[in-house]
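Reviewing the structure listed below.
The values are calculated or read from the model by the stated rules, or taken from the named source; none is laboratory data. The model shown is predicted, which means the values in this text are computed figures rather than measured ones. A quick note on method: Cβ atoms are made from the backbone with ideal geometry, for glycine too, and the neighbour counts reach across all protein chains shown.
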Amino acid sequence: MRPESEDSERDSASRHAKNQPGTAQPGTAQPGTAQLGNARPGGNRLDEETLRELRRSSILHVDMDAFFVSVELRSRPELKGRPVIVGYPADRSVVLSASYEARKFGVRSAMPMAVAVRMCPSAVVIEPRHKLYYEVSGQIMAIFGSITDLVEPLSVDEAFLDVGGAIRRLGPPREIGELIRRRVQSELGITASVGIAASKFVAKIASTRCKPDGLLLIGPDETVPYLHTLPVSALWGVGAKTVEVLARMGIRTVADVAATPLPSLRKILGATGEHVHRLSWGIDPRPVTPVRAEKSIGAEETFAVDTGDDALLHRELLRLSHRTAERLRTAGMHARTVALKLRYADFSTITRSRTVSTPIDSAQLLYGVAVQLLESVGPRPMTVRLVGIRAEQLEEAAQAPLQLSLDRRDDNWRAAEQALDRVTRKYGNKSVLPARLLDPGNGPR
Ligand SMILES: [Mg+2]
(Lines give C-alpha, C1' and ligand atoms only; values in the text may rest on other atoms or scores of the structure.)
Protein backbone atom coordinates (compact mmCIF):
# COMPACT_ATOMS: atom_id res chain seq x y z
CA MET A 1 0.00 0.00 0.00
CA ARG A 2 1.63 3.19 -1.14
CA PRO A 3 0.53 6.64 -0.05
CA GLU A 4 -0.29 7.58 -3.65
CA SER A 5 -3.31 5.33 -3.58
CA GLU A 6 -5.27 7.70 -1.39
CA ASP A 7 -4.11 10.76 -3.21
CA SER A 8 -7.00 12.84 -4.37
CA GLU A 9 -6.57 15.18 -7.26
CA ARG A 10 -9.35 17.48 -6.20
CA ASP A 11 -8.61 21.17 -5.74
CA SER A 12 -5.09 20.47 -4.60
CA ALA A 13 -2.88 22.10 -7.18
CA SER A 14 -4.32 25.55 -6.78
CA ARG A 15 -4.03 25.26 -3.01
CA HIS A 16 -0.55 24.09 -3.28
CA ALA A 17 0.50 26.73 -5.79
CA LYS A 18 -0.81 29.36 -3.44
CA ASN A 19 1.28 28.00 -0.62
CA GLN A 20 4.52 27.56 -2.46
CA PRO A 21 4.91 30.71 -4.52
CA GLY A 22 7.52 30.37 -7.18
CA THR A 23 7.85 26.62 -6.94
CA ALA A 24 4.48 25.28 -7.93
CA GLN A 25 3.03 27.68 -10.40
CA PRO A 26 0.82 26.25 -13.11
CA GLY A 27 2.73 25.38 -16.21
CA THR A 28 6.07 24.80 -14.57
CA ALA A 29 5.88 21.03 -14.98
CA GLN A 30 8.50 19.54 -17.24
CA PRO A 31 7.39 19.05 -20.84
CA GLY A 32 6.52 15.44 -21.33
CA THR A 33 5.42 14.89 -17.73
CA ALA A 34 2.63 17.41 -17.71
CA GLN A 35 0.00 15.17 -19.27
CA LEU A 36 0.60 11.96 -17.36
CA GLY A 37 -3.03 11.65 -16.45
CA ASN A 38 -2.91 14.47 -13.97
CA ALA A 39 -4.60 17.18 -15.94
CA ARG A 40 -7.59 18.58 -14.09
CA PRO A 41 -10.17 21.30 -14.64
CA GLY A 42 -8.55 24.68 -14.46
CA GLY A 43 -5.28 23.31 -15.75
CA ASN A 44 -3.51 23.54 -12.40
CA ARG A 45 -1.33 20.66 -11.39
CA LEU A 46 1.23 20.08 -8.76
CA ASP A 47 4.72 20.33 -10.07
CA GLU A 48 6.16 16.81 -9.95
CA GLU A 49 9.54 18.10 -8.86
CA THR A 50 7.99 20.02 -5.96
CA LEU A 51 5.88 17.06 -4.97
CA ARG A 52 8.94 14.81 -4.91
CA GLU A 53 10.77 17.36 -2.80
CA LEU A 54 7.87 17.70 -0.35
CA ARG A 55 7.58 13.94 -0.08
CA ARG A 56 11.18 13.70 1.11
CA SER A 57 9.98 14.96 4.50
CA SER A 58 6.55 13.48 4.85
CA ILE A 59 6.71 11.72 8.20
CA LEU A 60 4.88 13.40 11.06
CA HIS A 61 5.19 12.55 14.72
CA VAL A 62 2.11 13.98 16.43
CA ASP A 63 2.06 13.99 20.22
CA MET A 64 -0.43 15.56 22.62
CA ASP A 65 1.05 17.88 25.23
CA ALA A 66 0.71 16.57 28.81
CA PHE A 67 -2.23 14.53 27.54
CA PHE A 68 -4.03 13.41 30.70
CA VAL A 69 -3.57 16.82 32.34
CA SER A 70 -4.79 18.63 29.21
CA VAL A 71 -7.93 16.50 29.11
CA GLU A 72 -8.62 17.21 32.79
CA LEU A 73 -8.14 20.96 32.35
CA ARG A 74 -10.96 21.05 29.80
CA SER A 75 -13.44 20.65 32.64
CA ARG A 76 -11.34 22.57 35.20
CA PRO A 77 -10.09 25.63 33.32
CA GLU A 78 -9.44 27.45 36.60
CA LEU A 79 -6.36 25.20 37.00
CA LYS A 80 -4.75 26.44 33.77
CA GLY A 81 -1.30 27.88 34.41
CA ARG A 82 -0.94 26.00 37.70
CA PRO A 83 1.15 22.93 38.53
CA VAL A 84 -1.15 19.94 38.01
CA ILE A 85 -0.34 16.23 38.33
CA VAL A 86 -2.53 13.33 37.20
CA GLY A 87 -1.97 10.19 39.27
CA TYR A 88 -3.40 8.24 42.17
CA PRO A 89 -2.54 9.96 45.44
CA ALA A 90 -1.19 6.71 46.90
CA ASP A 91 2.32 5.79 48.02
CA ARG A 92 3.08 3.21 45.40
CA SER A 93 1.61 5.26 42.55
CA VAL A 94 3.56 7.13 39.94
CA VAL A 95 2.98 10.38 38.07
CA LEU A 96 0.99 9.61 34.91
CA SER A 97 1.08 13.14 33.52
CA ALA A 98 2.37 16.51 34.73
CA SER A 99 1.54 20.00 33.49
CA TYR A 100 4.42 22.06 32.14
CA GLU A 101 4.12 24.26 35.23
CA ALA A 102 4.72 21.17 37.41
CA ARG A 103 7.63 20.10 35.20
CA LYS A 104 9.37 23.39 36.09
CA PHE A 105 9.66 21.94 39.60
CA GLY A 106 11.31 18.81 38.24
CA VAL A 107 8.18 16.64 38.22
CA ARG A 108 8.26 14.00 35.47
CA SER A 109 6.04 11.16 34.24
CA ALA A 110 6.67 7.80 35.95
CA MET A 111 8.20 9.53 38.98
CA PRO A 112 6.91 8.16 42.32
CA MET A 113 3.98 10.27 43.46
CA ALA A 114 5.53 10.81 46.87
CA VAL A 115 8.68 12.32 45.32
CA ALA A 116 6.67 14.51 42.94
CA VAL A 117 4.53 15.96 45.73
CA ARG A 118 7.63 16.70 47.79
CA MET A 119 9.21 18.51 44.82
CA CYS A 120 6.10 20.50 44.07
CA PRO A 121 3.89 20.78 47.19
CA SER A 122 1.63 23.34 45.51
CA ALA A 123 0.65 20.91 42.75
CA VAL A 124 -3.01 19.99 42.38
CA VAL A 125 -3.27 16.19 42.16
CA ILE A 126 -6.09 14.79 40.02
CA GLU A 127 -7.05 11.12 39.93
CA PRO A 128 -6.92 9.65 36.41
CA ARG A 129 -10.08 8.95 34.43
CA HIS A 130 -8.79 6.36 32.01
CA LYS A 131 -12.12 5.79 30.33
CA LEU A 132 -12.27 9.44 29.35
CA TYR A 133 -8.68 9.38 28.05
CA TYR A 134 -9.46 6.34 25.90
CA GLU A 135 -12.45 8.16 24.47
CA VAL A 136 -10.38 11.23 23.59
CA SER A 137 -7.66 8.93 22.26
CA GLY A 138 -10.19 7.44 19.86
CA GLN A 139 -11.12 10.94 18.68
CA ILE A 140 -7.44 11.81 18.18
CA MET A 141 -6.87 8.66 16.12
CA ALA A 142 -10.01 9.44 14.08
CA ILE A 143 -8.56 12.84 13.15
CA PHE A 144 -5.28 11.16 12.14
CA GLY A 145 -7.23 8.60 10.11
CA SER A 146 -9.00 11.35 8.18
CA ILE A 147 -5.59 12.63 7.03
CA THR A 148 -3.99 9.35 5.92
CA ASP A 149 -4.33 5.57 6.22
CA LEU A 150 -0.67 5.39 7.17
CA VAL A 151 -1.01 5.94 10.90
CA GLU A 152 1.18 4.07 13.37
CA PRO A 153 0.00 4.72 16.93
CA LEU A 154 2.74 4.64 19.57
CA SER A 155 0.49 5.13 22.56
CA VAL A 156 -2.89 6.60 23.46
CA ASP A 157 -1.84 10.12 22.53
CA GLU A 158 0.85 9.92 19.85
CA ALA A 159 1.38 8.45 16.42
CA PHE A 160 3.51 8.54 13.32
CA LEU A 161 1.74 9.57 10.12
CA ASP A 162 3.14 9.29 6.62
CA VAL A 163 1.39 12.10 4.75
CA GLY A 164 3.22 11.66 1.43
CA GLY A 165 -0.01 10.57 -0.23
CA ALA A 166 -2.07 13.43 1.20
CA ILE A 167 0.08 16.29 -0.12
CA ARG A 168 -1.90 16.85 -3.33
CA ARG A 169 -5.13 16.90 -1.38
CA LEU A 170 -4.11 18.82 1.73
CA GLY A 171 -0.92 20.70 0.93
CA PRO A 172 2.69 20.37 2.07
CA PRO A 173 3.48 18.36 5.25
CA ARG A 174 3.99 21.53 7.28
CA GLU A 175 0.44 22.66 6.42
CA ILE A 176 -0.91 19.22 7.20
CA GLY A 177 0.81 19.42 10.58
CA GLU A 178 -0.78 22.79 11.26
CA LEU A 179 -4.16 21.47 10.10
CA ILE A 180 -3.93 18.59 12.59
CA ARG A 181 -2.92 20.96 15.38
CA ARG A 182 -5.85 23.27 14.60
CA ARG A 183 -8.32 20.39 14.49
CA VAL A 184 -7.10 18.85 17.75
CA GLN A 185 -7.34 22.26 19.40
CA SER A 186 -10.78 23.19 18.09
CA GLU A 187 -12.46 19.76 18.17
CA LEU A 188 -10.90 18.30 21.33
CA GLY A 189 -9.80 21.35 23.30
CA ILE A 190 -6.23 20.16 23.87
CA THR A 191 -2.91 20.99 22.22
CA ALA A 192 -0.63 18.82 20.13
CA SER A 193 2.97 19.17 18.96
CA VAL A 194 4.12 17.98 15.55
CA GLY A 195 7.59 16.99 14.40
CA ILE A 196 8.18 16.54 10.66
CA ALA A 197 11.14 14.87 8.98
CA ALA A 198 12.23 12.29 6.47
CA SER A 199 12.36 9.50 9.08
CA LYS A 200 10.44 8.38 12.15
CA PHE A 201 13.46 8.83 14.37
CA VAL A 202 14.07 12.46 13.39
CA ALA A 203 10.33 13.31 13.38
CA LYS A 204 10.13 12.11 16.98
CA ILE A 205 13.13 14.21 17.97
CA ALA A 206 11.54 17.22 16.25
CA SER A 207 8.26 16.94 18.18
CA THR A 208 10.12 16.56 21.46
CA ARG A 209 12.13 19.70 20.74
CA CYS A 210 9.14 21.90 19.87
CA LYS A 211 6.90 20.98 22.82
CA PRO A 212 4.51 22.23 24.03
CA ASP A 213 2.09 23.46 21.37
CA GLY A 214 4.69 23.65 18.60
CA LEU A 215 5.62 22.41 15.16
CA LEU A 216 9.13 21.75 13.88
CA LEU A 217 10.15 20.55 10.45
CA ILE A 218 13.68 19.26 10.11
CA GLY A 219 14.36 19.12 6.38
CA PRO A 220 16.58 16.48 4.77
CA ASP A 221 19.49 18.88 4.37
CA GLU A 222 19.29 20.11 7.96
CA THR A 223 18.98 16.64 9.48
CA VAL A 224 22.62 15.66 9.94
CA PRO A 225 23.84 19.09 11.15
CA TYR A 226 20.93 19.19 13.59
CA LEU A 227 21.49 15.68 14.89
CA HIS A 228 25.16 16.45 15.43
CA THR A 229 24.30 19.13 17.98
CA LEU A 230 22.52 16.59 20.22
CA PRO A 231 23.78 14.38 23.07
CA VAL A 232 24.08 10.64 22.33
CA SER A 233 21.04 9.96 24.51
CA ALA A 234 18.90 11.49 21.73
CA LEU A 235 19.56 8.41 19.56
CA TRP A 236 16.89 5.73 19.60
CA GLY A 237 18.01 2.67 21.49
CA VAL A 238 20.67 4.53 23.47
CA GLY A 239 19.69 4.23 27.12
CA ALA A 240 21.48 5.22 30.30
CA LYS A 241 23.77 2.15 30.19
CA THR A 242 24.93 2.81 26.63
CA VAL A 243 25.43 6.51 27.39
CA GLU A 244 27.76 5.45 30.22
CA VAL A 245 29.69 2.98 28.07
CA LEU A 246 30.14 5.56 25.30
CA ALA A 247 31.14 8.32 27.75
CA ARG A 248 33.96 6.13 28.99
CA MET A 249 35.28 6.15 25.42
CA GLY A 250 34.90 9.94 25.24
CA ILE A 251 31.82 9.71 23.00
CA ARG A 252 29.26 12.20 24.28
CA THR A 253 27.43 13.71 21.32
CA VAL A 254 25.81 12.38 18.18
CA ALA A 255 28.63 14.11 16.28
CA ASP A 256 31.15 12.04 18.31
CA VAL A 257 29.29 8.85 17.32
CA ALA A 258 29.27 9.88 13.66
CA ALA A 259 33.01 10.54 13.78
CA THR A 260 33.79 7.16 15.36
CA PRO A 261 34.74 4.49 12.81
CA LEU A 262 32.13 1.76 12.56
CA PRO A 263 34.48 -1.08 13.57
CA SER A 264 35.30 0.76 16.81
CA LEU A 265 31.60 1.28 17.56
CA ARG A 266 30.96 -2.42 16.90
CA LYS A 267 33.72 -3.27 19.34
CA ILE A 268 32.21 -1.00 22.02
CA LEU A 269 28.50 -1.72 21.51
CA GLY A 270 28.31 -5.01 19.63
CA ALA A 271 25.48 -5.33 17.12
CA THR A 272 23.91 -2.07 18.33
CA GLY A 273 26.98 -0.22 17.06
CA GLU A 274 25.84 -0.36 13.48
CA HIS A 275 22.32 0.82 14.30
CA VAL A 276 23.61 3.74 16.38
CA HIS A 277 26.11 4.74 13.70
CA ARG A 278 23.40 4.82 11.04
CA LEU A 279 21.12 6.92 13.23
CA SER A 280 23.97 9.38 13.85
CA TRP A 281 23.93 10.02 10.09
CA GLY A 282 20.16 10.36 10.06
CA ILE A 283 19.63 6.98 8.39
CA ASP A 284 16.42 5.32 9.59
CA PRO A 285 14.59 3.52 6.78
CA ARG A 286 11.79 2.06 8.94
CA PRO A 287 8.46 2.92 7.27
CA VAL A 288 5.35 4.06 9.08
CA THR A 289 3.53 0.78 9.67
CA PRO A 290 -0.18 0.97 10.39
CA VAL A 291 -1.39 -1.57 12.93
CA ARG A 292 -4.78 -3.01 12.25
CA ALA A 293 -6.87 -2.76 15.38
CA GLU A 294 -8.11 -6.20 16.37
CA LYS A 295 -11.77 -6.24 17.24
CA SER A 296 -11.56 -9.24 19.52
CA ILE A 297 -9.12 -11.86 20.70
CA GLY A 298 -10.11 -15.31 21.83
CA ALA A 299 -9.54 -19.02 21.94
CA GLU A 300 -11.74 -22.10 21.84
CA GLU A 301 -11.40 -25.88 22.07
CA THR A 302 -13.45 -28.84 20.99
CA PHE A 303 -13.40 -31.68 23.54
CA ALA A 304 -12.24 -35.10 22.45
CA VAL A 305 -15.39 -36.47 24.06
CA ASP A 306 -18.44 -34.29 24.79
CA THR A 307 -18.58 -33.50 28.48
CA GLY A 308 -20.94 -32.38 31.21
CA ASP A 309 -18.23 -32.24 33.86
CA ASP A 310 -17.96 -28.82 35.57
CA ALA A 311 -14.41 -29.43 36.77
CA LEU A 312 -13.28 -30.24 33.26
CA LEU A 313 -15.06 -27.19 31.83
CA HIS A 314 -13.48 -24.95 34.47
CA ARG A 315 -10.03 -26.32 33.76
CA GLU A 316 -10.47 -25.74 30.07
CA LEU A 317 -11.72 -22.18 30.70
CA LEU A 318 -8.57 -21.53 32.72
CA ARG A 319 -6.39 -22.81 29.91
CA LEU A 320 -8.24 -20.69 27.34
CA SER A 321 -8.04 -17.65 29.64
CA HIS A 322 -4.27 -17.98 29.73
CA ARG A 323 -4.06 -18.29 25.98
CA THR A 324 -6.33 -15.27 25.45
CA ALA A 325 -4.61 -13.12 28.08
CA GLU A 326 -1.20 -13.84 26.60
CA ARG A 327 -2.42 -12.73 23.19
CA LEU A 328 -3.99 -9.61 24.68
CA ARG A 329 -0.73 -8.64 26.34
CA THR A 330 1.26 -9.35 23.19
CA ALA A 331 -1.07 -7.04 21.28
CA GLY A 332 -0.86 -4.43 24.04
CA MET A 333 -4.62 -4.48 24.50
CA HIS A 334 -7.09 -4.59 27.37
CA ALA A 335 -10.59 -6.01 27.14
CA ARG A 336 -13.71 -4.39 28.50
CA THR A 337 -15.99 -7.31 27.66
CA VAL A 338 -15.56 -11.06 28.11
CA ALA A 339 -17.71 -13.50 26.15
CA LEU A 340 -18.24 -17.21 26.76
CA LYS A 341 -19.23 -19.57 23.98
CA LEU A 342 -20.71 -23.03 24.48
CA ARG A 343 -21.53 -25.48 21.72
CA TYR A 344 -23.68 -28.39 22.75
CA ALA A 345 -23.53 -31.96 21.49
CA ASP A 346 -26.25 -31.15 18.91
CA PHE A 347 -24.15 -28.24 17.59
CA SER A 348 -26.51 -25.59 18.97
CA THR A 349 -24.38 -22.69 20.24
CA ILE A 350 -24.96 -20.09 22.92
CA THR A 351 -22.90 -17.08 23.99
CA ARG A 352 -23.00 -15.03 27.16
CA SER A 353 -21.01 -11.86 27.73
CA ARG A 354 -20.28 -9.43 30.51
CA THR A 355 -18.67 -5.99 30.49
CA VAL A 356 -16.30 -5.26 33.34
CA SER A 357 -15.72 -1.87 34.95
CA THR A 358 -11.93 -1.90 34.58
CA PRO A 359 -10.34 -3.17 31.33
CA ILE A 360 -8.45 -6.39 31.92
CA ASP A 361 -5.64 -8.42 30.37
CA SER A 362 -4.97 -11.02 33.07
CA ALA A 363 -5.93 -14.68 32.75
CA GLN A 364 -7.14 -14.86 36.36
CA LEU A 365 -9.60 -12.01 35.79
CA LEU A 366 -10.74 -13.42 32.42
CA TYR A 367 -11.21 -16.80 34.05
CA GLY A 368 -13.20 -15.27 36.91
CA VAL A 369 -15.65 -13.67 34.50
CA ALA A 370 -15.83 -16.79 32.34
CA VAL A 371 -16.81 -18.95 35.32
CA GLN A 372 -19.51 -16.44 36.31
CA LEU A 373 -20.83 -16.57 32.75
CA LEU A 374 -20.86 -20.37 32.79
CA GLU A 375 -22.82 -20.28 36.05
CA SER A 376 -25.25 -17.77 34.54
CA VAL A 377 -26.19 -20.33 31.90
CA GLY A 378 -27.77 -22.50 34.59
CA PRO A 379 -28.50 -26.21 34.12
CA ARG A 380 -27.21 -27.35 30.73
CA PRO A 381 -29.65 -29.33 28.57
CA MET A 382 -26.97 -31.70 27.28
CA THR A 383 -23.23 -32.32 27.13
CA VAL A 384 -20.82 -29.71 25.77
CA ARG A 385 -18.85 -30.21 22.60
CA LEU A 386 -16.90 -26.93 22.46
CA VAL A 387 -16.04 -24.11 24.84
CA GLY A 388 -14.54 -20.72 23.96
CA ILE A 389 -13.56 -17.39 25.47
CA ARG A 390 -13.45 -14.11 23.64
CA ALA A 391 -12.07 -10.77 24.84
CA GLU A 392 -14.03 -7.96 23.21
CA GLN A 393 -14.23 -4.15 23.20
CA LEU A 394 -10.47 -4.00 23.08
CA GLU A 395 -8.60 -0.88 24.03
CA GLU A 396 -4.98 -0.06 23.74
CA ALA A 397 -3.17 -0.45 27.04
CA ALA A 398 -2.30 2.92 28.57
CA GLN A 399 1.30 4.02 28.99
CA ALA A 400 1.16 2.89 32.61
CA PRO A 401 -1.16 -0.10 32.45
CA LEU A 402 -0.47 -1.18 36.02
CA GLN A 403 -2.28 1.94 37.14
CA LEU A 404 -5.43 0.62 35.57
CA SER A 405 -5.82 -1.87 38.33
CA LEU A 406 -6.64 -0.57 41.77
CA ASP A 407 -6.34 -3.97 43.34
CA ARG A 408 -2.82 -4.92 44.27
CA ARG A 409 -3.67 -8.62 43.91
CA ASP A 410 -4.54 -8.08 40.25
CA ASP A 411 -1.20 -6.36 39.70
CA ASN A 412 0.56 -9.35 41.21
CA TRP A 413 -1.31 -11.70 38.91
CA ARG A 414 -0.40 -9.51 36.00
CA ALA A 415 3.27 -9.46 36.91
CA ALA A 416 3.31 -13.23 37.35
CA GLU A 417 1.61 -13.75 34.01
CA GLN A 418 3.96 -11.36 32.23
CA ALA A 419 6.86 -13.40 33.59
CA LEU A 420 5.06 -16.45 32.21
CA ASP A 421 4.82 -14.77 28.80
CA ARG A 422 8.58 -14.28 28.76
CA VAL A 423 9.28 -17.90 29.63
CA THR A 424 6.76 -19.09 27.06
CA ARG A 425 8.35 -16.96 24.36
CA LYS A 426 11.75 -18.37 25.26
CA TYR A 427 10.98 -22.04 25.80
CA GLY A 428 7.77 -22.63 23.91
CA ASN A 429 4.19 -23.03 24.90
CA LYS A 430 4.10 -26.14 27.07
CA SER A 431 6.98 -25.47 29.46
CA VAL A 432 5.16 -23.37 32.05
CA LEU A 433 1.53 -23.84 32.95
CA PRO A 434 -0.37 -23.30 36.17
CA ALA A 435 -0.32 -26.47 38.26
CA ARG A 436 -4.05 -27.07 37.68
CA LEU A 437 -3.40 -27.42 33.97
CA LEU A 438 -0.59 -29.95 34.33
CA ASP A 439 -2.99 -32.70 35.38
CA PRO A 440 -2.80 -35.23 32.54
CA GLY A 441 -6.52 -35.88 32.71
CA ASN A 442 -8.88 -36.10 29.76
CA GLY A 443 -8.35 -32.61 28.41
CA PRO A 444 -9.44 -31.45 25.02
CA ARG A 445 -7.91 -32.63 21.80
MG1 LIG B 1 2.21 12.86 24.80
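Worth pointing out:
- Residue within region 43-55 that is within 16 Å of the ligand (Cβ to nearest atom), surrounded by 15 or more Cβ atoms within 10 Å (Cβ to Cβ) and at pLDDT 65 or above present: no
- Selection within region 302-331 - more than 18 Å from GLU392 (Cα to Cα) and in contact with a Lys or Arg (Cβ under 8 Å, 6 or more places away or on another chain): THR302, PHE303, ALA304, ASP306, GLY308, ARG315
- Condition check for ARG286: touching a Pro at 6+ places or on another chain (Cβ under 6 Å) and modelled with pLDDT under 90: no
- Every condition in (1) aliphatic (A, V, I, L, M); (2) within 16 Å of the ligand (Cβ to nearest atom); (3) touching an Asp or Glu at 6+ places or on another chain (Cβ under 7 Å) holds for LEU96 except the one numbered (3).
- Residue identified as at pLDDT below 80, over 24 Å from the mean Cα position of the chain (by Cα) and in the same structural domain as PRO212 (by TED's automatic domain parsing) among ALA90, ALA39: ALA90
- Selection status of VAL125, buried (at least 16 other Cβ atoms within 10 Å of the Cβ), part of a loop (DSSP other than H, G, I, E, B) and free of Cβ contacts under 8 Å to residues at least 60 places away in the same chain: no
- Condition check for SER70: part of a loop (DSSP other than H, G, I, E, B), among the hydroxyl-bearing types (Ser, Thr, Tyr) and in contact (Cβ under 8 Å) with a residue 40 or more places away in the chain: no
- All told, VAL163 falls short of being among the β-branched types (Val, Ile, Thr) and farther than 30 Å from LEU46 by Cβ.
- Residue in region 129-140 that is within 28 Å of ARG286 (Cα to Cα), more than 16 Å from the ligand (Cβ to nearest atom), in contact (Cβ under 8 Å) with a residue 12 or more places away in the chain and part of a helix (DSSP H, G or I) present: no
Let's see how each residue does on (1) assigned by TED's automatic domain parsing to the domain that holds LEU154; (2) over 36 Å from the mean Cα position of the chain (by Cα); (3) aromatic (Phe, Trp, Tyr); (4) modelled with pLDDT of 90 or more:
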site	(1), (2), (3), (4)
ALA304	no, yes, no, no
ALA325	no, no, no, yes
VAL338	no, no, no, yes
ARG343	no, yes, no, yes
ASP346	no, yes, no, no
VAL371	no, no, no, yes
VAL377	no, yes, no, yes
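- Any hit, region 339-351, residues being of a type in the set (Gly, Ala, Ser) and on the phi > 0 side of the Ramachandran plot: no
- Lone unmet requirement of (1) within 22 Å of the chain's Cα centre (by Cα); (2) closer than 26 Å to LYS104 by Cα for LYS200: (2)
- Inside region 144-184, residues that are modelled with pLDDT of 95 or more, within 15 Å of the ligand (Cβ to nearest atom) and either part of a helix (DSSP H, G or I) or of a type in the set (Ser, Thr, Tyr) (or both) make up a count of 4.
- Residue within region 144-151 that is of a type outside the set (Asp, Glu) and in contact with an Asp or Glu (Cβ under 7 Å, 6 or more places away or on another chain) present: yes
- Meets criteria (crowded, with 21+ Cβ neighbours inside 10 Å, among the charged types (D, E, K, R) and closer than 30 Å to SER93 by Cα) for ASP213: no
- Among residues of region 59-76 being closer than 24 Å to LEU215 by Cα and more than 15 Å from the ligand (Cβ to nearest atom), the one that is surrounded by the fewest Cβ atoms within 10 Å (Cβ to Cβ) is ARG74.
- Filtered by the rule that a residue be at positive phi and surrounded by 15 or more Cβ atoms within 10 Å (Cβ to Cβ), region 234-283 gives a lone residue, GLY282.
- Check on PRO401, buried (at least 16 other Cβ atoms within 10 Å of the Cβ) and modelled with pLDDT of 85 or more: no
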